[in-house]
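The values are calculated or read from the model by the stated rules, or taken from the named source; none is laboratory data. Computed from a predicted structure; not experimentally measured. Counting neighbours? That spans all protein chains shown, and the Cβs are built from the backbone with ideal geometry, glycine included. SASA here: full protein model, heavy atoms, side chains in, ligands and nucleic acids out. Shrake-Rupley method; radii C 1.70, N 1.55, O 1.52, S 1.80 Å.
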Amino acid sequence: MKKTLKRLTTILMAAVLCFSVAVPTQAAGNRTKMMAAYRNFMEKRTSYYDQFALIYYNNDSKPDLFYSNYVDNAVYTYKKGKLVRLYSNSSTGVYSRYYPKKRVLVGSYAHMGTSTDTYYPSSGARISKSVGYGISKPIYNKITNNNYKTISKSTFNKTLKKYVGSKKQKKIKLYRSTETNRNKILK
C-alpha cells in the first residue's frame with residue numbers, strides 16, 4: 001500500500017511539473033510572436049520621424065506598441081495572431097506621457113509661450129489644461145468633437161480621476177525606427 005501511494009505521489013508530482021513547465025514556454029512563444037509582429041510593423045515605417053515605444057496601455061500584462069510620426073499616433077496590441085489598433089489620432093503635438101493600464105495618453109503642445117496638455121482617453125471626451133504666457137491662471141477645457149468648453153479645475157480633476165483613478169503618469173520613451181532600435185527593444 002505504501003509503495004502504491006508513493007508511486008502515485010511521484011506520478012502526480014511529475015505531471016504537475018510537466019504542466020508547470022509547459023505554460024511559461026507557451027507564454028514565451030506568444031511574446032516572441034507578438035514582438036515579431038511589432039517589429040514587422042515598424043520595419044515598414046523607417047522615415048526620420050517614425051518612432052515607437054512599448055507601453056502598457058491596456059489593462060493586461062502584455063506590452064502594447066505605441067507608434068508616432070508627429071502627425072499620426074496610434075496604439076496597437078497583439079491579439080489572436082494579429083495587430084489590433086486600440087487608439088489612433090492625427091494631431092500635431094507630442095505624446096509624452098500615459099497612464100499605465102488606464103487607456104489614457106497625454107499629448108503636449110506648445111505655441112507662442114503657452115503650453116497645453118491634452119488628455120486622450122480611448123473613449124469619452126478629451127480634457128486639456130493650458131498654462132503660460134498671457135494666461136493669468138490655467139485654463140481647463142472639456143473637448144467634444146473639437147468643441148471646447150471651459151470647465152473649472154475641480155471638474156477637470158474629477159473627470160481625470162474618473163479616467164485614471166489614483167494611477168500616476170508614466171513617461172513614454174520613444175525610439176526612432178532604426179534596425180538597431182527595433183532589434184534591441186522589440187525582442
>> It is to be established whether one or more residues within the range 162-171 are open to solvent by 70 Å² or more (accessible area, probe 1.4 Å), farther than 22 Å from A53 by Cα and small (G, A, S).
In response: yes
> Which residue pairs have Cβ atoms under 7 Å apart, sit 6 or more places apart or on different chains, and have a first residue in the range 120-145 that is closer than 11 Å to L160 by Cα and a second that is open to solvent by 60 Å² or more (accessible area, probe 1.4 Å)?
Replying inline: P121/R103; A125/K142; A125/T144; I127/K142; K142/K149
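Look through T114, T77 and report the one residue that is free of Cβ contacts under 8 Å to residues at least 60 places away in the same chain and surrounded by 15 or more Cβ atoms within 10 Å (Cβ to Cβ).
Values: T114 fails: surrounded by 15 or more Cβ atoms within 10 Å (Cβ to Cβ).
Testing whether each residue is free of Cβ contacts under 8 Å to residues at least 60 places away in the same chain and surrounded by 15 or more Cβ atoms within 10 Å (Cβ to Cβ) leaves just T77.
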> Any chance the range 129-146 includes a residue that's within 16 Å of N89 (Cβ to Cβ), surrounded by 13 or more Cβ atoms within 10 Å (Cβ to Cβ) and of a type in the set (G, A, S)?
Replying inline: no
> Do any strands (runs of 3 or more DSSP E) lying entirely in the range 70-172 carry at least 3 residues that are within 12 Å of the chain's Cα centre (by Cα), and which ones are they?
Replying inline: 72-79, 82-90, 94-99, 104-111
>> Condition first: in contact with a strand residue (DSSP E or B) (Cβ under 7 Å, 6 or more places away or on another chain), touching a residue at least 40 places away in the same chain (Cβ under 8 Å) and either in a loop (DSSP other than H, G, I, E, B) or over 13 Å from L186 (Cβ atoms) (or both). Now tell me which residues in the range 57-67 satisfy that.
In response: Y57, N58
> Among all residue pairs at least 6 apart or on different chains, which show Cβ distances below 9 Å where the first residue, located in the range 157-173, is without any contact (Cβ under 8 Å) to a residue 40 or more places away in the chain and the second is in a loop (DSSP other than H, G, I, E, B)?
Replying inline: T159/G124; T159/A125; K162/G124
> Picking from Y109, Y99, which residue would you name as being touching a residue at least 24 places away in the same chain (Cβ under 8 Å) and either touching an Asp or Glu at 6+ places or on another chain (Cβ under 6 Å) or surrounded by 14 or more Cβ atoms within 10 Å (Cβ to Cβ) (or both)?
Replying inline: Y99
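For (1) open to solvent by less than 80 Å² (accessible area, probe 1.4 Å); (2) modelled with pLDDT under 55; (3) more than 18 Å from the chain's Cα centre (by Cα); (4) hydroxyl-bearing (S, T, Y), each residue gets a yes or a no:
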residue: L12; (1), (2), (3), (4): no, yes, yes, no
residue: C18; (1), (2), (3), (4): no, yes, yes, no
residue: V21; (1), (2), (3), (4): no, yes, yes, no
residue: P24; (1), (2), (3), (4): yes, yes, yes, no
residue: A28; (1), (2), (3), (4): yes, no, yes, no
residue: K33; (1), (2), (3), (4): no, no, yes, no
residue: Y38; (1), (2), (3), (4): yes, no, no, yes
residue: D50; (1), (2), (3), (4): yes, no, no, no
residue: A53; (1), (2), (3), (4): yes, no, no, no
